[in-house]
Amino acid sequence: MTIVNENFALLSESYLFSEIAERVRRFHESTNSDDIIRLGIGDVTQPLCPAAIEAMHRAVDDMASSTTFHGYGPEQGYQFLRDAISQNDYRARGIDIASDEIFVSDGAKSDTGNIGDIFDICNSVAMTDPVYPVYVDTNVMSGRAGANVSGRWQNIEMMPCTFDNGFIPELPKSNPALIYLCFPNNPTGTVLTKSQLKPFVDYALEHKSIILFDSAYEAFITEDDVPHSIFEIEGAKKCAIEFRSYSKTAGFTGIRCGYTVVPRELIAYGRNGEQYELNKLWKRRQCTKFNGASYISQRGAESIYSEEGKKQVKSTIDYYLRNAKILLEGCQSIGLQATGGINSPYVWISSNRGVSSWQLFDLLLNECHLVGTPGVGFGPSGEGCFRLTAFNTYEKTIEAVNRLKRVSI
Ligand code: PLP
């Protein structure tokens with residue numbers, strides 16, 4: 001008899017997006033209206049920039065000749081991309097990250113999900129709430145989350161981020177070994193300034209915990225005092241791993257490329273107190289379970305660091321940021337509580353009248369023919385809130401705000 005990993009049975013069905021689809025289907029059936037604007041889109045919609053397209057065409061041509069053909073590449077990524085990352089994303093900002101601290105991958109979902117492999121399942125965990133569901137679910141799958149009692153995972157401390165605390169989480173109370181932070185945040189679109197992030201680094205150093213810092217939305221940062229990397233904070237190389245992605249940065253959601261930074265000086269401990277370098281452990285894990293991102297994706301990623309590539313990528317990000325600003329200001333102008341949208345493609349709203357997330361969903365669907373994502377789907381602290389995304393077109397975003405202005409929420 002084969003026994004399954006029963007932790008999978010602990011996971012609830014991911015009903016959020018299927019429930020949204022079902023409600024939209026029913027709405028469509030009863031009204032026959034095709035006039036729906038989707039502001040729940042979590043995927044980019046604009047085409048790839050010309051620099052990436054040209055680089056990937058050239059990379060395909062390389063594959064056509066035995067002298068330039070590329071088969072299996074290095075598991076940690078090609079040197080040309082690791083060097084470009086080290087130079088452009090770190091050294092240009094005064095952060096000393098070497099290319100052998102960078103591990104190129106097929107994206108941040110895999111890396112944030114897989115990182116748990118190098119940590120014992122006895123470690124307790126903390127994460128912000130609402131949260132990108134991958135952090136919770138992968139800890140459940142490995143058994144690290146513990147039992148679920150009345151909707152709470154016993155080994156996961158949720159750190160609420162709400163309008164009441166200005167989306168600045170309090171430091172954890174349970175002395176967690178692993179702390180997931182995601183800034184700019186999905187789903188709330190909020191950020192921490194350097195001085196707000198520093199206490200987390202100090203806490204992790206003091207408690208010998210590791211911060212898992214997801215900065216998949218770093219490219220959307222517009223404000224000066226918001227750190228692009230956790231390694232801008234003194235001491236972070238001794239307590240943090242950072243995840244980055246080209247998905248939202250350069251529209252690579254379908255191409256697949258990202259990377260993870262594991263500083264060489266980062267250590268964690270064995271049960272008897274022996275010290276282990278996490279860079280070596282992650283390298284070992286990747287070499288065993290991952291065969292590298294494709295040569296073509298990595299050439300595409302490299303191209304966004306060229307002068308032309310940088311300008312082109314920025315212009316697409318600016319397009320989404322303009323949509324985000326329209327959404328944010330539109331929602332604020334009709335008296336909704338609204339945040340995010342300045343350093344992120346997400347705007348997080350709440351009605352002041354105690355309306356639940358799903359009530360807000362139904363109201364916006366029925367009254368405005370708008371679809372977004374109920375905040376409660378991202379965690380208990382998301383109840384009453386709603387996520388709008390900036391990934392639709394400029395024209396549809398303007399129309400969405402006009403519709404919002406016509407109803408009372
Ligand atoms: N991290 C966060 C916070 C995200 O929102 C997403 C995608 O939506 C990812 C990671 C996944 O990125 P990738 O496409 O690189 O796997």
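The HN-Hα couplings worked out from phi for region 161-170 by the Karplus form 6.51 cos²θ - 1.76 cosθ + 1.60 (θ = phi - 60°) are 10, 9, 4, 5, 9, x, 6, 10, x, 6 Hz, whole numbers, x standing for Gly and Pro. Leaving out ligands, DNA and RNA, what percent of the accessible area of region 88-152 is carbon and sulfur, probe 1.4 Å? Carbon and sulfur together cover 48 percent of it. Placing a label point 7 Å from the Cα of GLU265 along the Cα-to-Cβ line, the residues of region 215-246 whose backbone N sits under 16 Å from it are 230-242. Would you mind computing, in nm to one decimal, how far apart the modelled labels at LYS311 and ASP202 are, each placed 7 Å from Cα along Cα→Cβ? Roughly 4.4 nm, to one decimal. Modelled spin labels at ASP61 and ILE168, positioned 7 Å past Cα toward Cβ, are 5.3 nm from each other.
FRET efficiency for ASP100 and TYR276, Cβ-Cβ distance as r, R0 = 22 Å, nearest 0.05? Please report the intermediate quantities before stating the final value.
Details: r = 17 Å, r/R0 = 0.77.
The formula returns an efficiency of 0.85 here.
Karplus-based coupling profile of region 364-369, in residue order and whole Hz: 5, 5, 6, 8, 10, 6, with θ = phi - 60° in 6.51 cos²θ - 1.76 cosθ + 1.60 and x standing for Gly or Pro. Subtracting the Cα-Cα distance of ASN291 and THR2 from 0.36 nm times their residue separation leaves 101.2 nm of extension gain. Would you give the gap between the C-alpha center of region 162-192 and the C-alpha center of region 333-409, rounded to a whole Å? Their Cα centres are 21 Å away from one another. In this structure the amide hydrogen of THR162, modeled in the peptide plane, comes within under 5 Å of the amide hydrogens of PHE167, ILE168, none closer than 5 places in sequence on its chain. Placing R0 at 30 angstrom, the Cβ-Cβ distance between PHE69 and ARG93 gives a FRET efficiency of 0.25 after rounding to 0.05. Length gained on full extension, ASP362 to SER195: 56.2 nm, using 0.36 nm per residue less the C-alpha separation.
Rounded to the nearest whole Å², what accessible area per residue is found for the chain with the 1.4 Å probe?
Details: 18240 Å² over 409 residues.
On a per-residue basis, the chain sits at 45 Å².
What separates the Cα centres of region 1-44 and region 98-152 is a distance of 23 Å.
Nearest 5 is fine: what % of DSSP beta bridges in region 67-193 come out antiparallel, could you say? Close to 20 percent. Taking every protein chain into account, the 1.4 Å probe leaves SER33 with about 20 Å² of accessible area, to the nearest ten.
Solvent-accessible area of LYS280, all protein chains in place: 120 Å² (probe radius 1.4 Å, heavy atoms, ligands and nucleic acids excluded). Once the Cβ-Cβ distance of MET141 and GLU29 is raised to the sixth power relative to R0 = 45 Å, the FRET efficiency obtained is 0.80.
Any idea what diffusion coefficient region 10-70 gets from Stokes-Einstein, in µm²/s, Kirkwood Rh on alpha carbon pairs, 4 °C, 1.567 mPa s?
80 µm²/s
Note on HIS207: accessible area is roughly 70 Å² with a 1.4 Å probe, heavy atoms of protein only.
To put it simply, the accessible area of region 301-370 at a 1.4 Å probe is 50 percent carbon and sulfur. Each 20 Å bin from zero holds the following percent of Cα-Cα pairs in the chain: 26, 57, 17, 0. Taking a spot 7 Å from the Cα of LYS405 along the direction of its beta carbon, which residues of region 312-330 have an amide N less than 18 Å from it? Only 322-330 fall inside the zone, counting backbone N under 18 Å.
Relative to the compact-globule estimate of 2.2 N^0.38 Å, the Cα radius of gyration of region 224-312 comes out at 1.33.
The values are calculated or read from the model by the stated rules, or taken from the named source; none is laboratory data. Just so it is clear, the model here is predicted, and its values are computed rather than measured. Cβ atoms come from the backbone with ideal geometry, glycine included; neighbour counts cover every protein chain shown. These accessible areas exclude ligands, DNA and RNA; they are computed on the full protein's heavy atoms, side chains included. Shrake-Rupley method; radii C 1.70, N 1.55, O 1.52, S 1.80 Å.
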